[in-house]
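In what follows, a structure is listed as structure tokens, so that the remarks can point back to it.
The values are calculated or read from the model by the stated rules, or taken from the named source; none is laboratory data. On a predicted model such as this, the values are computed, not experimentally measured, just so you know. A quick note on method: Cβ atoms are made from the backbone with ideal geometry, for glycine too, and the neighbour counts reach across all protein chains shown. What goes into the accessible areas is simple: the full protein's heavy atoms, side chains included, and nothing from ligands, DNA or RNA. Shrake-Rupley method; radii C 1.70, N 1.55, O 1.52, S 1.80 Å.
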Amino acid sequence: MTELTDLYQEVILDHNKSPRNHREPDRFNRDAIGHNPLCGDRIRLYLQIEEGRIDDVGFQGSGCAISQASASLMTEALKGMTVEEFEKLFGRFHSLVTGKTVEGSQEELGKLVVFSGVSQYPVRVKCATLPWHTLRAALNQTPKTTTE
Ligand code: ZN
């Protein structure tokens, strides 16, 4: 069990050190800012939505390892997904980090399963879910054209 925890920790630290999709995409038609005052995490998310599908996603910001790694792993998982698939995955991820039974197969969470340990630290749940809530906020906003 300790080895497993170490492995998970390694993935989280790696994504914190070299976050994937840590950029402002050339093209995006939604964006949102999220803030977790409990920990000081800040994140800005950029989305390019094409016909209900997440065509591109990037983020910028700073915060603790959990929030940064969660944003990094989330953006990796979401590319190409539909908005409905995002909502489903968010539901599963939320169950995972709050220690509830994950609906369906845990395998569908893929690498996101590294956040299972977060359920033991309730104060960290907001760190792990911040990027997801921010992405949902971006999805719910009116599309706009920000780049030519
Ligand atoms: Zn945090």
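Residues of the stretch 68-89 with the amide nitrogen closer than 20 Å to a label point 7 Å from the Cα of Asp55, along Cα-to-Cβ, please.
75-87
Report the per residue volume, in Å³, of the convex hull enclosing the C-alpha atoms of the chain.
Convex hull volume per residue, Cα atoms: 101 Å³.
Assign one of three labels to the stretch 1-46, namely rounded, prolate or oblate, based on the Cα gyration tensor with a ≥ b ≥ c the square roots of its eigenvalues; rounded applies when a/c is under 1.5, prolate when it is not and a/b is larger than b/c, and oblate otherwise. List each step's numbers first, then the result.
Working: a/c = 3.64, a/b = 1.79, b/c = 2.03.
Taking the square roots of the gyration eigenvalues as a ≥ b ≥ c, the stretch 1-46 is oblate.
If the chain between Leu38 and Asn140 were fully stretched, how many nm would it gain, using 0.36 nm times the residue separation less the Cα-Cα distance? Present the calculation step by step, with values, prior to reporting the outcome.
Working: separation 102, 0.36 × 102 = 36.72 nm, distance 2.42 nm.
Once the chain is fully extended between Leu38 and Asn140, it gains 34.3 nm.
Can you give the angle from 0 to 90° between the axis of helix 83-97 and the longest principal axis of the chain, with both taken from C-alpha atoms, to the nearest 10?
20 degrees
Using θ = phi - 60° and the Karplus form 6.51 cos²θ - 1.76 cosθ + 1.60, what ³J(HN,Hα) does each residue of the stretch 38-54 get, whole Hz, x for Gly and Pro?
Going residue by residue, I get 4, 10, x, 6, 10, 8, 10, 10, 10, 10, 10, 9, 10, 6, x, 10, 7 Hz, with x marking Gly and Pro.
Roughly how many debye, to the nearest 20, is the charge dipole of the stretch 3-139 about its Cα centre, given +1 on each Lys and Arg Cβ, -1 on each Asp and Glu Cβ, and no other charges?
Roughly 460 debye, rounded to the nearest 20.
At 1.4 Å probe size, with no ligands or nucleic acids counted, give the accessible surface of His133 in Å², nearest ten.
It works out to around 90 Å².
Rounded to the nearest 500, what is the 222 nm mean residue ellipticity of the chain from helices alone, with -39500 (n - 2.57) per DSSP H run of 4+ residues and division by all residues? Mind showing how you got there, number by number?
On the way: 4 runs with 61 residues, N = 148.
Helix-only estimate at 222 nm: -13500 deg cm²/dmol.
Would you mind checking the tilt of helix 65-78 against the longest principal axis of the Cα atoms of the chain, expressed as 0 to 90 degrees and rounded to 10?
On a 0 to 90 degree scale, this one is about 60.
Determine the order of Lys79, Lys126 by accessible area, beginning with the largest, at a probe radius of 1.4 Å. Write out the running numbers ahead of the final one.
Working: Lys79 90, Lys126 115 Å².
Largest accessible area first, the list is Lys126, Lys79.
Could you give the nm distance between label points at Leu7 and His94, where each point is 7 Å from its Cα heading toward the beta carbon?
About 2.9 nm separates the two model spin labels.
Determine which lysines satisfy two conditions relative to Lys88: a Cα distance under 20 Å, and not lying fewer than 8 residues away in the same chain.
Correct list for Lys88: Lys79, Lys100, Lys111, Lys126.
How far, in degrees from 0 to 90, does helix 2-17 lean away from the longest principal axis of the Cα atoms of the chain, to the nearest 10?
That helix lies at roughly 30 degrees to the long axis.
Lys17: which aspartates and glutamates have alpha carbons under 17 Å from its alpha carbon, excluding same-chain residues fewer than 8 sequence positions away?
The reachable aspartates and glutamates, counting only those whose Cα sits under 17 Å from Lys17, are Asp6, Asp41, Glu76.
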